[in-house]
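Structure, as structure tokens:
The values are calculated or read from the model by the stated rules, or taken from the named source; none is laboratory data. Keep in mind that this is a model prediction, so the values were computed, not measured. With ideal geometry, Cβ positions are generated from the backbone for all residues, glycine too; neighbour counts draw on all protein chains shown. The protein model used for the area step is the full one, side chains on, heavy atoms only, and it has no ligands, DNA or RNA in it. Shrake-Rupley method; radii C 1.70, N 1.55, O 1.52, S 1.80 Å.
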Amino acid sequence: MSDRARNRIGFVLFAVGYLCAVTWVFTRSAPLDSGRPVTLRFAHWQIEAGPPDGIAAVIKRYEELNPRVRVEQQLVPGAVYKQWLRSNLAGGTGADLIEWGPWLEGVRDVPARHFVPVTEELKRPNPYNRGTPLEHARWEQTFIDGLSGQRIDSPDPGQVYGVTLTEVSLRFFCNRELLRDITGTEAVPQTFAELRRIFELLPDYSRRVGRPVMGLAGARDNTHWLLDFLLAGTTMGLNFSMDDYGYLALYNRQLLAGYLHGRWNFRQPEVGAGFELLREVARHMKPGFMQVTRDEATREFLGGDALFIFAGTWDATSLRRLAPFTVVALRFPQPTLDDPVVGRYLIGRSNDGGGITAMAMHLSRHSRHPAEALDFLHFLTSVEGMQLFTNASGWLPSVREVKIPAEIESFKGRQDGFASANPYTLIGSNVSMLFARNIHLLLGERGSVARFTEELDRIMPEAVRSDLQTELRSSLTTLKGQEMRMVAHANLAADERSRREWLMLEAGQTLSEGFALEMARNLATTQH
Amino acid sequence: MAGVFLPAPWIPGKCPGLIFLLPLLAVSGRVDAATTADAWRALADSRPQEALRITAGLPDSREVRLARALALSHLQPVTDDALAEAEAVFTELAAGQDETALEAHYLRARLHQIHYSRPDPVRAAELYAELAARQPASRWAQLALVKLALLQLYALENPAGPEARLVRAEELLGRLTEPALQRDLHLQIGLAGLHHGLKPERVLPHLVAADRIGDVPGIAQEDLVMQIAELSLRAGRLAQAREYFERYLRDYAVNPRCFTVRHRLVELEQLAAREGAR
């Protein structure tokens with residue numbers, strides 16, 4: 001066959017194929033969406049009972065107001081969230097609006113690389129607040145905390161990347177009917193001493209009803225939350241004594257450096273007191289609690305096998321929806337200054353959460369519809385949007401002027417306790433890992449505070465150093481990215497917005513650079 | 001819905017003829033010419049690969065070469081070879097006499113300070129000093145002075161003592177004319193003084209000066225107000241401590257630190273009463 005004939009056949013086949021494809025598309029296929037030209041995807045890991053309903057309620061109303069836009073909620077389990085985030089962002093296929101938090105190890109570089117700062121937008125009123133008391137307030141001022149958590153965690157000082165949806169706190173949930181059966185009253189414990197007295201009644205009650213009823217629903221996660229809380233209380237004074245910078249707080253990098261410089265260690269009595277208190281509380285959990293996760297603790301509490309459960313308000317909706325009894329959310333009855341175990345190390349009450357808003361949503365750089373995504377964020381965080389979210393989710397709102405249902409009023413932070421730093425268990429990923437791996441030396445059958453703390457101080461120096469190096473690396477990654485953007489904006493400075501970005505990045509970079517140099521020096525001067 | 005013939009309402013105008021024109025439109029569509037500003041915008045948006053693609057289609061100029069070298073130095077995965085290639089371009093551009101030359105000089109110093117896998121703060125400091133001497137009033141030279149001061153405060157071996165480090169940085173501060181950069185360096189000198197264990201009295205003037213210039217970015221502004229209040233209390237400057245603690249409560253009313261601040265104010269008043277009674 002000649003080349004010419006072959007070409008002709010090829011062309012005819014191509015033309016037929018093309019015509020078939022056109023005919024198919026034109027006559028037989030269906031549209032991929034519902035006729036709305038814009039589809040937004042909204043991804044988060046809050047798959048507990050509550051938030052998905054809250055967001056669905058907001059979406060429903062938003063779609064009524066905006067017939068062009070469809071919003072899809074993507075629920076991504078926490079166990080795979082980081083992998084999902086990394087792979088989707090690398091491929092430019094992630095959702096338009098994405099939840100992110102600074103404690104997610106290994107993805108600290110994400111905001112600066114993949115999210116769009118909303119700093120400028122936050123300076124203008126939220127258009128969906130028209131007709132409300134927040135009508136003229138700048139968007140950032142409508143948040144309960146002015147988005148201070150987002151400012152603290154921003155990789156570029158001065159820029160804000162995330163917009164929050166809720167406020168969380170730690171609470172002590174109680175089975176009211178069981179409390180009445182055990183104590184003969186519905187009076188809840190106000191102090192740790194009162195809690196001890198209730199715990200003392202449990203063995204007798206268990207014998208009476210012929211089944212074991214524990215004081216506290218136990219699981220690995222809940223125990224770690226409780227340890228963090230108790231430790232924060234006993235180490236408050238120690239933290240303030242290390243506050244050379246006068247922040248009345250310590251950043252992780254300072255706690256890590258403090259350990260390397262020998263300013264504190266795990267054998268310190270303040271730290272040991274927190275561990276001792278945890279051992280005491282853990283005796284009222286069922287054996288083997290460190291082998292199970294929070295779902296098991298929830299099941300134990302819902303089954304009426306434990307009187308209390310210590311959890312975040314993020315679990316509250318699940319507990320209330322599923323419990324066949326009345327669940328009361330209490331503030332944890334904290335030890336007082338006269339407590340025989342830890343009193344001498346306390347300086348007062350500890351802050352038990354609230355004040356800082358969370359569940360931060362971020363606008364992806366890869367979004368095909370950034371204007372619509374921002375518009376949805378505006379609606380979601382408006383008074384109307386937040387009211388819908390709060391009512392349907394049972395979670396606190398992040399925005400002022402939203403009516404809080406009576407049943408979650410007790411979740412609100414009261415700002416009546418000291419706050420100084422992250423608990424020592426949470427200052428770095430290696431530190432956290434070693435804590436989790438060795439906590440059996442504290443809570444196991446032959447465990448003790450001395451055994452645990454001696455082992456920690458044997459293995460921690462290397463982990464602490466490694467965590468500080470990670471902080472430094474992360475800081476340097478941010479610095480390098482800032483450089484490119486700062487210089488680029490300087491070259492676009494004829495545009496006013498670019499000029500502002502340039503100056504903000506320049507100042508932010510100098511700040512970050514100072515912290516990086518400080519970390520590098522701390523690492524160098526403690527190298528043995 | 002299988003087997004049901006559906007119309008195609010999303011095809012514009014439902015015009016069958018249009019479908020045959022689509023391939024032609026696709027190959028003959030006119031694309032607006034990119035500009036150097038587009039390359040800078042791509043870099044401002046953290047898209048160095050896009051910037052390289054844009055600059056490849058632009059006529060050669062010193063600005064285009066600068067943007068291209070900057071993109072090259074940020075293209076993932078970053079290698080020392082790529083950085084060396086970028087440095088060669090910066091070096092060549094820095095030999096000129098225009099604004100691009102100063103910018104390239106600055107970026108060359110930055111490569112040595114933070115980008116190469118083995119940073120060389122001494123070399124970076126030399127380049128900053130050269131740039132500052134070259135055209136002291138330019139923005140890039142002024143910024144170089146701030147970066148040089150940071151190295152003096154933390155990284156360079158000479159001068160060694162804390163006080164000497166601060167004095168050297170203060171000399172550089174005296175050469176700054178841009179208020180925003182003065183603010184940044186005041187703040188850094190204050191923080192470095194605290195890192196080196198100097199007394200609050202030594203660093204407070206710098207922190208207060210940074211606050212007076214204003215517009216400290218992000219959470220650092222909140223921290224700064226707190227620091228001035230607390231360090232003033234420690235230094236016995238009660239009036240200044242009260243002023244800043246009260247400002248903190250007013251401006252950052254929802255921060256969990258407010259509880260501690262209220263405690264500090266009570267302590268402050270007790271101290272003031274004791275001093276008044278003396």
*Selected from A:Val58, A:Val464, A:Leu319, residue furthest toward positive end of dipole (chain A; charges at beta carbon)*: A:Val58
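When only DSSP loop residues count, what trypsin sites (Lys or Arg not before Pro) in segment A:423-490 have their Cβ near at most 15 other Cβ atoms within 10 Å?
Sparse-neighbourhood loop trypsin sites (Lys or Arg not before Pro): A:Arg446.
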*Apply the Debye scattering formula to chain A, with a single equal point scatterer on each alpha-carbon and no solvent, then give log10 I(q)/I(0) at q = 0.07 Å⁻¹.*
-0.48
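Under a 1.4 Å probe, what is the accessible area of the protein assembly as shown per residue, stated in Å²?
43
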*For helix A:3-27, what angle does its Cα long axis make with the longest principal axis of chain A, in degrees from 0 to 90 and rounded to 10?*
60
*Quick one: Cα centre-to-centre distance for segment A:433-465 and segment B:104-142, in angstrom?*
46
*FRET E, pair B:Gln49, A:Asp109, Förster distance 22 Å, beta-carbon r, rounded to 0.05*: 0.85
*Exposed-loop-free span, longest in chain B, where chymotrypsin sites (Phe, Trp or Tyr not before Pro) count as exposed if DSSP calls them loop and at most 14 other C-beta atoms lie within 10 Å*: B:11-278
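Sum up the charges of everything whose Cβ sits under 9 Å from the Cβ of A:Lys286, counting Lys and Arg as +1 and Asp and Glu as -1, but leave A:Lys286 out. Could you put the intermediate results ahead of the total?
Working: positive: none; negative: A:Glu300, A:Asp305.
Every neighbour counted, the sum reads -2.
Please sort by residue number the trypsin sites (Lys or Arg not before Pro) in segment A:117-213 whose DSSP state is loop and whose Cβ has at most 15 other Cβ atoms within 10 Å.
Taking segment A:117-213 and a limit of 15 other Cβ atoms within 10 Å, the loop trypsin sites (Lys or Arg not before Pro) found are A:Lys123, A:Arg130.
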_Counting DSSP beta bridges with both ends in chain A, the antiparallel % (nearest 5)_ = 60
*Compare the Cα positions of A:Tyr161, A:Val110, A:Ala79 along the charge dipole of the protein assembly as shown (+1 at Cβ of Lys, Arg; -1 at Cβ of Asp, Glu; about the Cα centre) and return the one farthest towards the positive end.*
A:Ala79
*With a point put 7 Å past each Cα toward its Cβ, work out how far B:Glu170 is from A:Ala436 in nm, to one decimal.*
5.0
_Using a 1.4 Å probe on the protein heavy atoms, what percent of the accessible area of segment B:42-196 belongs to carbon and sulfur?_
52
*May I ask for the accessible area buried between chains A and B, both sides summed, probe 1.4 Å, to the nearest 100 Å²?*
6000
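Counting only other residues whose beta carbon sits under 15 Å from that of A:Leu75, what net charge do I get with K and R as +1, D and E as -1?
Working: positive: A:Arg41; negative: A:Glu48, A:Asp53, A:Glu72, A:Glu99.
Residues near A:Leu75 contribute -3 overall.
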*With DNA, RNA and ligands ignored, accessible area of A:Cys20 (1.4 Å probe; Å², nearest 10)*: 80
*Can you give the helix-only mean residue ellipticity at 222 nm for the protein assembly as shown, where every DSSP H stretch with n ≥ 4 adds -39500 (n - 2.57) and the sum goes over all residues, rounded to the nearest 500 deg cm²/dmol?*
-18000 deg cm²/dmol
*Return the aspartates and glutamates within reach of A:Lys286: Cα separation strictly under 17 angstrom, same-chain partners fewer than 8 residues apart disregarded; answer none if there are no such residues.*
A:Glu200, A:Asp204, A:Asp221, A:Asp295, A:Glu296, A:Glu300, A:Asp305, A:Glu445
_Given charges at beta-carbon only (K, R positive; D, E negative), |dipole| of segment A:465-525 in Debye_ = 100
_Under 16 Å from the Cα of A:Lys412 - lysines, other chains or at least 8 residues apart_ = A:Lys403
*Please name which of A:Leu202, A:Pro127, A:Cys174 has its Cα lying farthest along the dipole of segment A:89-219 towards the positive end, using unit charges on Cβ (Lys, Arg +1; Asp, Glu -1) and the Cα centre as origin.*
A:Leu202
*asked:* Based on DSSP loop calls and a cut-off of at most 15 other Cβ atoms within 10 Å, the longest stretch of chain A free of exposed chymotrypsin sites (Phe, Trp or Tyr not before Pro) is what?
replied: A:104-324
*What nm distance separates the two modelled labels at A:Arg176 and A:Glu454, each placed 7 Å from Cα along Cα→Cβ?*
4.9
*What shape does chain B have by the C-alpha gyration tensor, where a ≥ b ≥ c are the square roots of the eigenvalues, rounded means a/c under 1.5, and otherwise prolate means a/b greater than b/c and oblate the rest?*
oblate
*What is the dipole size for chain A, taken about its Cα centre, with +1 at each Lys and Arg Cβ and -1 at each Asp and Glu Cβ, in debye to the nearest 20?*
1240
*Enter the angle in degrees (range 0 to 90, nearest 10) between the Cα long axis of helix A:370-380 and the first principal axis of the Cα atoms of chain A, meaning the one along which they spread out most.*
40
_Computed lengthening from A:Ile47 to A:Ser206, 0.36 nm per intervening residue step minus Cα-Cα distance_ = 53.8 nm
*asked:* Using only Cα atoms and rounding to the nearest 10 degrees, what angle (0 to 90) does helix A:192-209 make with the longest principal axis of chain A?
replied: 90
_Which lysines, if any, have their Cα less than 18 Å from the Cα of A:Lys480, not counting same-chain residues under 8 positions apart?_
B:Lys147
*asked:* Tell me the Kirkwood radius of segment A:465-525: reciprocal of the mean inverse pair distance over distinct alpha-carbon atoms, in Å.
replied: 12.3
*Only Lys, Arg (+1) and Asp, Glu (-1) charged, at Cβ; chain B dipole about Cα centre in debye*: 660
*FRET efficiency for A:Ala493 and B:Arg250, Cβ-Cβ distance as r, R0 = 30 Å, nearest 0.05?*
0.30
*Once you put a point 7 Å from the Cα of A:Arg279 and another 7 Å from the Cα of A:Arg197, both along the Cβ direction, what distance in nm separates them?*
2.6
